[in-house]
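The values are calculated or read from the model by the stated rules, or taken from the named source; none is laboratory data. Keep in mind it's a predicted model, so treat the numbers as computed, not measured. When we count neighbours, we look across all protein chains shown, and the Cβ atoms used for this are built from the backbone with ideal geometry, even at glycine. The accessibility values were calculated without ligands, DNA or RNA, using every heavy atom of the protein model including side chains. Shrake-Rupley method; radii C 1.70, N 1.55, O 1.52, S 1.80 Å.
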Amino acid sequence: MFKIHFSLELLEKILKEARPSKIVLVSSSDLISKLGWAILELEKAGSTKIEIIQIPDGEAAKEWDILKKLLSDFVVAKIDRKSLIIGFGGGSVTDLVGFASSIYQRGVNYINIPTTLLAQVDSSIGGKTGINFLEYKNQVGTFHNPIATIVDTRFLKTLNDEQIIDGLAEIIKAGLIKDTSILEIVKSHGMDILKKESIINELVLKSIKVKEYFVEKDPNDLNIRQILNFGHTIGHALELKYKISHGESVLIGMLEELKLSEKLGETKIEVRNSLNELFKGLNISLNKKQLEVDWEPILHDKKILGKEIVLPVVKELGKTKLIKIKPDKLKNIYNS
């Protein structure tokens, strides 16, 4: 189902199999200037000059007007159904490019080349695409798998602390919900993991396998795949309201959702204590002061089914289940 490759050097083989009529790379101007060496490798692999379309970086890319502009650029570039589009960047870039590729001419092949830790372990894998709409996250989108995803950890050397924490949040989540060996590795090595190529490669691979496990069982996100949303129900609400980073919002969201499941009698406090100890070992200090959850975006969350919200609950480290609860009840328990 998934074609994940772990080096840019494998792109030449992918392109020979795809035999595209045209190759177009979509990325931000900032990344293009920082990672010129990678674009040269891409052009070498394709034995051709790659046309480049520039978009904004970060969440600013996932807006309706940017999507409309990108589709217009596709027309100008004369992209046809045998063309190949490369999404080169973080999760926002690959979300947008995947969505645009899925609706342009009823579907054009694309490749994800994620350049952030968050995108490599999570957002570029699983075929979810989309944009934000009416100030709600990922409200418009499709399921559209790339023909390949290329995960090259050389890109991680350019990341700042915030981007590292963004990715670590999803890595820690993978450990909490499924593979506890991830937590042991993070605990043993701390923030030095990014200085050791073999360790970060192992963490990325293990996290991808967790994502694949749930996606393969539930590709359309109707059941067990929703366990991957742990920490995101409250996390997304905080991210939207306070404009804090995705990583910090998910880290806070995981702690807050563990408190919720404790109140529901589903989780023992030892799980949250373990997570707090892990944060201390990583020297991650979370800004939780005066953060109040806005329940309006939660009521528009994709996890709402009928009158209930589907909430992932970590029973114990590595063991998770889904429960259904009415949002009003969830809100009352949270505020109690």
Where a ≥ b ≥ c are root eigenvalues of the Cα gyration tensor, a/c under 1.5 meaning rounded, otherwise prolate if a/b exceeds b/c and oblate otherwise, the stretch 221-336 counts as oblate
Any chance you could list P(r) for the stretch 156-214, counting all Cα-Cα pairs in 5 angstrom bins from zero, rounded to whole %?
-> 4, 19, 34, 27, 13, 4
The correct ranking of Glu216, Glu135, Glu202 by accessible area at 1.4 Å, largest first, is Glu135, Glu216, Glu202
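Based on DSSP H runs of at least 4 residues, each adding -39500 (n - 2.57), what is the mean residue ellipticity at 222 nm of the chain after dividing by all its residues, to the nearest 500 deg cm²/dmol?
Values: 13 runs with 155 residues, N = 336.
The helix contribution divided over the chain gives -14500 deg cm²/dmol.
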Leaving out ligands, DNA and RNA, what percent of the accessible area of the stretch 11-115 is carbon and sulfur, probe 1.4 Å?
-> 51 percent
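Using every Cα-Cα pair within the chain, state what percent have a distance larger than 31 Å. Before the final figure, lay out the partial values.
Details: 17260 of 56280 pairs.
So the pairs more than 31 Å apart make up 31 percent of the total in the chain.
At 0.36 nm per residue, minus the direct Cα-Cα distance, what do Trp37 and Asn283 gain on full extension? Give it in nm, one decimal, please.
Details: separation 246, 0.36 × 246 = 88.56 nm, distance 3.29 nm.
Contour length minus the Cα-Cα distance gives 85.3 nm.
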Computed lengthening from Lys263 to Lys307, 0.36 nm per intervening residue step minus Cα-Cα distance | 13.7 nm
If you take the square roots of the eigenvalues of the alpha-carbon gyration tensor of the stretch 28-177 and sort them as a ≥ b ≥ c, do you get rounded (a/c under 1.5), prolate (a/b over b/c) or oblate?
-> oblate
Shape of the stretch 1-46, Cα gyration tensor, a/c cut at 1.5 = prolate
Might you tell me the accessible area per residue for the chain, computed with a 1.4 Å probe and given in Å²?
-> 47 Å²
Subset of Lys173/Lys263; Lys137/Lys206; Lys49/Lys78 violating a 22 Å alpha-carbon distance limit = Lys137/Lys206
Note the angle between two axes, namely the Cα long axis of helix 232-242 and the longest principal axis of the Cα atoms of the chain, as a number of degrees from 0 to 90, rounded to the nearest 10.
-> 80 degrees
Val97 neighbourhood, Cβ < 12 Å, K/R = +1, D/E = -1, net charge -1
So how much slack lies between Lys209 and Met191, counting 0.36 nm per residue of separation and subtracting their Cα-Cα distance, in nm?
-> 4.3 nm
The rounded separation in angstrom of the Cα centers of the stretch 1-24 and the stretch 134-158 is 16 Å
Post the alpha-carbon centroid distance, the stretch 25-46 to the stretch 180-209, in whole angstrom.
-> 27 Å
Using a cut-off of under 17 Å, list every residue of the stretch 52-94 whose amide N is near the label point 7 Å from the Cα of Asp30 along the Cα-to-beta-carbon line.
-> 54-63, 88-94
